[in-house]
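Notes for the one structure printed next.
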Amino acid sequence: MKVITTTILFFTLVLSSCSKEKIELKHLDGDYAGDFTVYYKDQDKTMTSKATLKLKDGHFSCSGNPNRIPAGGSGTYHIEGEQIVFQDTNAWTAEFDWALILTGTFNFHKKGDNLTLKRPSANENTYTYDLKKAYTP
């Protein structure tokens, strides 16, 4: 019984001491390229286009496409826990889905050179960037 209690105590201490690595802005700096995908639930329609994203010292610039998949954006960003918050500084016209603009709060996951951004959605549409850091010599 003592061995089981000791083992449980040991694993509890090990697991409680493990914490997710805190990602700082400087860890995200770089040029990324990949795919942007939007899924509209009410239309059961998925659209994917190429996207690029530049992150540097709390500033960002995202490429846009003529069909606005994605629309792009530029401005500043910061990290809040496990989310990244983009603040776009551009003026936009009103004839398209503004969720296609890189602005607002996104859940993010970074593993190695891969960066995934996903906008939380109340209407069950999904907006996802799957990007890979570009090699710079």
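Entry note: segment 23-133 has Rg to Rh equal to 0.94, where both radii use alpha-carbon atoms and Rh is the Kirkwood radius.
Look at where the Cα atoms of segment 58-91 and of segment 94-121 average out, and the two centres are 8 Å apart.
Each reported figure results from applying straightforward, stated rules to the coordinates on display, with no laboratory input. Predicted model, so just to flag it, every value in this text is computed and none were measured.
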